[in-house]
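J.: Got a structure here, written out as structure tokens. Questions coming.
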Amino acid sequence: MARRLRPRPLVATVAVAALSVVGATPQGGALGRGPRSTTACTPSVDLSRWSLNRLAAATVVVPVSAGQVGALAPEARTGYAGILLFGSTAPSTLPATLRRLQAMTPQHLGMLVMTDEEGGGVLRLQNLVAPFPWARTLAATRTPAQIGAIARRVAIQLRAAGVTMDLAPVLDVDARNVEPGASDPDGYRSFGGSVQVVTADGEAFLRGLEAGGVIPVVKHFPGLGGSTGNTDDGPASTRPWPVLRATGVRPFAASIAAGAPAVMVANARVPGLTALPASISSAVLSGVLRRALHFRGLIVTDSLTAGAFAAVPLSPAAAAVDAVAAGADLVLLGPQATAAADAALAVRVAGAIAAAVTRGRLSRATLQAAAGAVLASHGVRACGA
């Protein structure tokens with residue numbers, strides 16, 4: 001099918017213009033998280049009364065194979081932020097298992113259930129969600145309206161399976177027409193090398209997910225298009241900040257201005273802005289996302305078990321502490337060999353975050369704000385956030 005012509009999308013002019021001052025943001029020091037929503041809170045959910053352990057768990061997502069998710073009953077009862085499903089298929093009992101786990105959560109607040117349903121070669125739960133093409137193929141063969149309809153269908157099927165959040169769409173601007181791999185994390189995962197196309201198609205996919213009842217997470221901020229390598233394998237850098245600011249950030253800025261609820265931050269360094277992985281950099285999280293782009297939604301890290309942290313070097317637990325201190329709300333981790341190992345990793349990470357407050361490395365107010373943002377992402381307005 002030939003791609004139809006589309007009008008140039010309206011890019012967030014004010015938000016993008018604000019980026020012109022971000023280059024001067026210092027790499028160190030806390031820059032602040034910005035004001036949260038003023039919506040009336042739920043008195044029965046008062047974070048000021050929560051223990052440090054419960055607050056810390058509320059910022060950590062437990063990775064697990066979809067076939068082993070039933071083993072996470074203790075984590076559901078503890079009150080972890082959510083579950084990240086891996087694998088390509090799932091048992092037919094997955095919806096019932098997830099309903100049972102949701103009912104176990106403290107105060108029945110529920111938890112996020114997420115996966116990566118991007119299309120093409122990045123598909124999960126293929127026996128429960130019908131496959132659909134790579135983003136690059138969608139951009140070449142479908143209009144934004146058609147892309148939105150596909151995303152809505154995907155979301156309806158995800159929701160029926162018990163999944164509430166999709167780690168998609170990819171808003172990286174990448175013209176390389178290759179299979180994603182060690183040298184290019186994007187390739188076909190990107191809608192293309194045009195800022196306008198990525199903005200329009202990415203927003204269509206986002207709106208389709210929302211219409212189907214699933215929370216979208218745009219990624220990988222501030223843009224992995226043209227990066228030096230794949231951070232899953234080792235350290236990598238984005239394009240230099242002046243170049244990225246003029247191109248790769250623009251689809252994210254437009255998406256944020258249009259109300260994107262969640263943003264995933266990459267693990268790549270950003271030359272000219274931060275020498276740290278972006279996911280643990282206050283210059284990126286607080287300086288660009290919160291201050292320059294005025295983002296008030298959920299900030300999600302990419303996986304903190306990625307190879308990029310070996311060069312820092314930081315363990316997943318130490319990286320999680322740095323991420324929350326820098327302004328992240330939700331910490332993601334990669335899958336381990338077994339569900340027991342997945343759970344043990346989450347326990348170590350949550351324990352390190354709680355201990356960081358005790359040691360004065362992280363403020364309780366910052367941790368409460370992060371936990372509050374996670375709860376708000378699925379409709380709970382906690383007091384004390």
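J.: Do we find that Val214 is among the aliphatic types (A, V, I, L, M) and over 18 Å from Leu138 (Cα atoms) in this structure? Full working, then the answer.
T.: Values: among the aliphatic types (A, V, I, L, M): yes; over 18 Å from Leu138 (Cα atoms): yes.
When the stated conditions are applied, Val214 passes them.
J.: Right, something else. Please determine, by comparing only the residues of the stretch 359-381 that are at pLDDT 95 or above, surrounded by 17 or more Cβ atoms within 10 Å (Cβ to Cβ) and not aliphatic (A, V, I, L, M), which one is nearest to Ala323 (Cα to Cα).
T.: If we take residues in the stretch 359-381 being at pLDDT 95 or above, surrounded by 17 or more Cβ atoms within 10 Å (Cβ to Cβ) and not aliphatic (A, V, I, L, M), then Thr366 is nearest to Ala323 (Cα to Cα).
J.: Scan the stretch 115-128 and tell me whether some residue there is surrounded by fewer than 18 Cβ atoms within 10 Å (Cβ to Cβ), touching a residue at least 40 places away in the same chain (Cβ under 8 Å) and part of a helix (DSSP H, G or I).
T.: So far as the stretch 115-128 goes, no, none of its residues is surrounded by fewer than 18 Cβ atoms within 10 Å (Cβ to Cβ), touching a residue at least 40 places away in the same chain (Cβ under 8 Å) and part of a helix (DSSP H, G or I).
J.: Condition check: assigned to a helix (DSSP H, G or I) and of a type outside the set (Gly, Ala, Ser). Does Arg296 satisfy that?
T.: The answer is no for Arg296.
J.: Among the residues of the stretch 254-293, how many are polar (S, T, N, Q) and assigned to a helix (DSSP H, G or I)?
T.: Selection size over the stretch 254-293: 4.
J.: For the stretch 41-50, indicate whether the set of residues that are of a type in the set (Ser, Thr, Tyr), modelled with pLDDT of 50 or more, within 29 Å of Ile280 (Cβ to Cβ) and within 23 Å of the chain's Cα centre (by Cα) is non-empty.
T.: Here is the first cut: in the stretch 41-50, the residues of a type in the set (Ser, Thr, Tyr) are 42, 44, 48.
Adding the requirement that they be modelled with pLDDT of 50 or more leaves 42, 44, 48.
After this cut, where a residue has to be within 29 Å of Ile280 (Cβ to Cβ) as well, the list is 48.
Add one more test, that the residue is within 23 Å of the chain's Cα centre (by Cα), and what stays is none.
No, because not a single residue in the stretch 41-50 is of a type in the set (Ser, Thr, Tyr), modelled with pLDDT of 50 or more, within 29 Å of Ile280 (Cβ to Cβ) and within 23 Å of the chain's Cα centre (by Cα).
J.: Which helices (runs of 4 or more DSSP H) sit wholly inside the stretch 308-377 and have at least 1 residues that are without any contact (Cβ under 8 Å) to a residue 40 or more places away in the chain and under 17 Å from the mean Cα position of the chain (by Cα)? Break it down into steps so the answer makes sense when it comes.
T.: Values: elements: 316-326, 339-359, 364-377.
By residue number, 316-326.
J.: Within the stretch 193-238, which residues are in contact with a Leu (Cβ under 9 Å, 6 or more places away or on another chain) and closer than 17 Å to Ser281 by Cβ?
T.: Answer for the stretch 193-238, where residues must be in contact with a Leu (Cβ under 9 Å, 6 or more places away or on another chain) and closer than 17 Å to Ser281 by Cβ: Lys219, His220, Phe221, Pro222, Gly223, Thr231, Ala236, Thr238.
J.: Restrict the check to the stretch 275-291 and report whether at least one residue is at pLDDT 95 or above, surrounded by fewer than 24 Cβ atoms within 10 Å (Cβ to Cβ) and of a type in the set (D, E, K, R).
T.: yes
J.: Among the residues of the stretch 46-61, count how many are outside any helix (DSSP H, G or I) and of a type in the set (A, V, I, L, M, F, W, C). Step through it out loud before you land on a result.
T.: Of all residues in the stretch 46-61, those outside any helix (DSSP H, G or I) come to 46, 50-51, 58-61.
Then keep just the ones that are of a type in the set (A, V, I, L, M, F, W, C); that gives 50, 58, 60-61.
The number of residues fulfilling the criteria is 4.
J.: Being modelled with pLDDT under 95 and either at positive phi or surrounded by fewer than 19 Cβ atoms within 10 Å (Cβ to Cβ) (or both): is that true of Ala340 here?
T.: Numbers: modelled with pLDDT under 95: no; either at positive phi or surrounded by fewer than 19 Cβ atoms within 10 Å (Cβ to Cβ) (or both): yes.
So Ala340 does not fit the description; no.
J.: I've got another one for you. Taking the stretch 134-167 only, how many residues are more than 22 Å from Gln102 (Cβ to Cβ) and either crowded, with 24+ Cβ neighbours inside 10 Å or in contact with a helix residue (DSSP H, G or I) (Cβ under 9 Å, 6 or more places away or on another chain) (or both)?
T.: So the first thing to find is which residues in the stretch 134-167 are more than 22 Å from Gln102 (Cβ to Cβ), and the list is 134-153.
Okay, now just the ones that are also either crowded, with 24+ Cβ neighbours inside 10 Å or in contact with a helix residue (DSSP H, G or I) (Cβ under 9 Å, 6 or more places away or on another chain) (or both), so 134-139, 142-153.
Summing the residues that are more than 22 Å from Gln102 (Cβ to Cβ) and either crowded, with 24+ Cβ neighbours inside 10 Å or in contact with a helix residue (DSSP H, G or I) (Cβ under 9 Å, 6 or more places away or on another chain) (or both) in the stretch 134-167 gives 18.
The values are calculated or read from the model by the stated rules, or taken from the named source; none is laboratory data. It should be emphasised that the depicted structure is a prediction, and the values quoted were computed from it without experimental measurement. Every residue, glycine as well, gets a Cβ built from its backbone with ideal geometry; the counts of neighbours run over all protein chains shown.
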